[in-house]
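Asker: I am attaching a structure below and will ask some questions about it afterwards.
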Amino acid sequence: MEKPGFKKFVRDRIQVTVQGAVPAKPGVAADRPAGSGTIPRTADGRPDFTGVYGSAGLPAGTTAPPLKPGAEKFRIVRGPDDIRGRTTLTTGNDCKPLGIPQTYITPYPFQIVQTPKLVLIIYEYPNAVRWIPVDGRKQEVDPDPAWMGTSVGRFDGDTLVVDAIGFNDKTEVHGFMHTDALHVVERFRLMPDGNLQYDVTVEDPNVWQAPWVIPARTFQRRSELENVAEFVCESTVDYQRLFKK
């Protein structure tokens, strides 16, 4: 005698196999190499940003918003600082991290390593690293100031949105210094050709009258590189003068 529900139990577990097809393994993403015309994706369906990308410089037409009254002091003025014509040193030539988004205008590549809960960005110059959680956590309320800030990420469709605060006031933003109130929102979007579209909005209520929306740029995929190189930065500060009699 058949037990009640036995036929239904069998029927619900019938597997149909099509000749020549390979059954998909649960949780394993399809292999779609960057540049194949199809955006590579992770096992959970997100775009896979893992790879090395080149620099793109500052986009044409980048114009800062008007400065707030009294904020002219934040504008960087480059030029000779004495009668011998020596150039004034500013951020970017002293081996210190450049901050965000200033770091993207260097002629050095950067690497993205993506995991389900964390996006890691490694900048070849000057060996700066950012840890960006994408596990749904909220931004810290009052993070300690850091050169590269404190970041959290989220996915808006296929766009990786990174919110960064907690910067110190020692880095430059395209010709301006800033305060520790700097707030940066980045948007990364992987293109079918493997390149990376980058949009960024910068705001500091102590410096500019409005958010600074910087024109989009594209970082070229460096498929010939497996990872960024080691960069050893030597300071340009002349310490010899301290020991001269």
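Asker: Check ILE100 against each of (1) crowded, with 18+ Cβ neighbours inside 10 Å; (2) at pLDDT below 95; (3) among the aliphatic types (A, V, I, L, M) and name the one condition it does not meet.
Answerer: Status for ILE100: all satisfied but (2).
Asker: Something else now. Examine the stretch 140-162 for a residue that is under 21 Å from TYR125 (Cβ atoms), modelled with pLDDT of 95 or more, in contact with a Lys or Arg (Cβ under 7 Å, 6 or more places away or on another chain) and among the polar types (S, T, N, Q), and state whether such a residue exists.
Answerer: yes
Asker: Residue check: is ALA181 of a type in the set (Gly, Ala, Ser) and in contact (Cβ under 8 Å) with a residue 60 or more places away in the chain?
Answerer: no
Asker: When you scan the stretch 221-231, do you find a residue that is part of a strand (DSSP E or B) and either β-branched (Val, Ile, Thr) or at pLDDT 95 or above (or both), even just one?
Answerer: yes
Asker: So, in the stretch 35-55, of the ones that are under 24 Å from ARG154 (Cβ atoms), touching a residue at least 24 places away in the same chain (Cβ under 8 Å) and touching an Asp or Glu at 6+ places or on another chain (Cβ under 9 Å), which residue ends up surrounded by the fewest Cβ atoms within 10 Å (Cβ to Cβ)?
Answerer: Checking each candidate, the answer is THR42.
Asker: Related question: Going through the stretch 207-225 one residue at a time, which ones are surrounded by 16 or more Cβ atoms within 10 Å (Cβ to Cβ) and over 19 Å from the mean Cα position of the chain (by Cα)?
Answerer: VAL207, TRP208
Asker: Going by the structure shown, is ASP204 at pLDDT 95 or above and surrounded by fewer than 21 Cβ atoms within 10 Å (Cβ to Cβ)?
Answerer: When the stated conditions are applied, ASP204 does not pass them.
Asker: If you go through the stretch 134-150 one residue at a time, do you hit one that is closer than 18 Å to GLY51 by Cβ and either of a type in the set (Gly, Ala, Ser) or free of Cβ contacts under 8 Å to residues at least 40 places away in the same chain (or both)?
Answerer: yes
The values are calculated or read from the model by the stated rules, or taken from the named source; none is laboratory data. What you see is a predicted model, and the numbers here were worked out from it, not measured in a lab. Please note: Cβ atoms are built from the backbone with ideal geometry, for glycine as well, and neighbour counts cover all protein chains shown.
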